[in-house]
């Protein structure tokens, strides 16, 4: 999976990061409060992860968009709250939940990894 673009926005403001390369990318800034955390968390949130934004960022007021390649096939995924739109080629699909998106993703794009949570008990 190659990330090509991440966009965050609403009717009042927007930010688009499209300078990703096909190799390792490092997101940095000399200053704080430049949007590095929001960018990465929007990427992860758009892909279906649980939101972990800073408490001062009202993520539900924004659209989160990721453009990516899988095996030279381009996809655009947009998330607003728990609704998703996925575009590839000339196909546009709408998903009303994370589980719908993940089911489609695993079947048509690639098998999503599963995270096994372990509980360690003291002796």
Within the stretch 61-96, of all residues that are in contact with a strand residue (DSSP E or B) (Cβ under 8 Å, 6 or more places away or on another chain) and not in a strand (DSSP E or B), the one nearest to residue 6 (Cα to Cα) is 62
For residue 63, work out the one condition from (1) under 15 Å from the mean Cα position of the chain (by Cα); (2) loosely packed, with under 12 Cβ neighbours inside 10 Å it doesn't fulfil.
(2)
Please specify each residue of the stretch 73-123 satisfying the condition of being loosely packed, with under 10 Cβ neighbours inside 10 Å and modelled with pLDDT of 90 or more.
91, 107
Go through the stretch 26-60 and give me each residue that's in contact with a helix residue (DSSP H, G or I) (Cβ under 8 Å, 6 or more places away or on another chain), surrounded by fewer than 19 Cβ atoms within 10 Å (Cβ to Cβ) and either under 18 Å from residue 4 (Cα atoms) or in contact (Cβ under 8 Å) with a residue 12 or more places away in the chain (or both).
27, 28, 48, 53, 54, 57, 59
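For every residue, the table says whether it meets (1) over 20 Å from residue 45 (Cβ atoms); (2) under 15 Å from the mean Cα position of the chain (by Cα).
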| position | (1), (2) |
| --- | --- |
| 83 | no, yes |
| 86 | no, yes |
| 91 | yes, no |
| 96 | no, no |
| 104 | no, no |
| 112 | no, yes |
| 116 | yes, no |
| 120 | yes, no |
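The values are calculated or read from the model by the stated rules, or taken from the named source; none is laboratory data. Quick caveat: nothing in here was measured; it's all calculated off a predicted structure. Here Cβ is always computed from backbone atoms with ideal geometry, including for glycine, and neighbour counts include all displayed protein chains.
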